[in-house]
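Where a number appears in this text, it was derived from the coordinates with a stated rule and is not lab data. As the structure is a prediction and not an experimental result, all values here were calculated from the model. Note that each Cβ is placed from the backbone with ideal geometry, even for glycine, and that neighbours are counted across all protein chains shown.
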Amino acid sequence: MTLTVRPAIAADRPALWAMLEPVIRAGETYAYPTDWSEEAAMAHWLSPAHSVFVAADETPLGTYYLKANQAGNGDHVCNAGFVTAPAARGRGVARAMLAHALDEARRQGFAAMQFNCVVATNTRAIAIWQDHGFETVGRLPGAFRHPVEGTVDALVMYRHL
């Protein structure tokens with residue numbers, strides 16, 4: 001698979017929603033409302049505060065956004081959100097997007113990257129983040145209501161760039 005990671009464009013919107021909707025509806029990995037409308041979800045993902053990217057071969061297979069984690073004196077640390085199309089999971093798309101995001105974060109002048117709410121049951125993501133040098137710096141007991149597992153912990157993961 002030849003994968004390219006590039007900035008999202010307006011024409012990607014239907015593909016972005018096709019990737020985001022199943023993740024939002026499942027409610028297993030993001031603390032987003034599971035009944036979010038397409039309009040609300042896309043307004044969030046494509047926020048002017050986000051740099052949004054698409055990983056694609058012939059078609060979009062994943063997307064991520066990059067943004068400052070905090071304003072003001074915390075804006076040197078970035079945050080990112082990643083979604084891989086269900087059909088593309090296990091094919092290295094998330095790893096490629098993370099490698100790109102780390103480079104892009106450096107290019108944008110960030111000093112570190114932080115994930116604020118990594119659901120503890122999302123073991124695939126945790127393994128990818130750890131493989132790329134992220135450490136768990138905090139554990140938030142019962143901070144996420146998983147629709148299948150019940151109340152589970154959320155992790156704060158961090159790495160210097």
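Cut-off is 10 Å between beta-carbons; in what order do S37, S51 appear when sorted fewest neighbours first?
On the way: S37 10, S51 18.
With the sparsest Cβ surroundings first, the list reads S37, S51.
The stretch between T151 and E135 holds 3.5 nm of extra length on full extension. This uses 0.36 nm per residue minus the Cα-Cα distance.
Shown for V5, V152: other C-beta atoms within 10 Å of each C-beta, ranked fewest to most, produce the order V152, V5. Put in line by how crowded their Cβ is, counting other Cβ atoms within 10 Å and starting with the fewest, C78, C117 read C117, C78. A crude spin-label estimate for the pair R13 and A99, with each label 7 Å from Cα along the Cβ direction, gives 3.3 nm.
When the alpha carbon gyration tensor of region 4-160 is reduced to an equivalent ellipsoid, its three semi-axes come out at 21, 20, 16 angstrom, largest first.
Looking at the chain as a GNM with Cα springs under 10 Å, which of V119, V148, V77 has the largest mean-square fluctuation? It is V148. Taking every C-alpha pair closer than 8 Å and separated by at least 6 residues, the mean separation divided by the residue count of the chain gives a relative contact order of 20 percent.
Stretched out straight at 0.36 nm per residue, the stretch from L46 to R106 would grow longer than its current Cα-Cα span by 19.5 nm.
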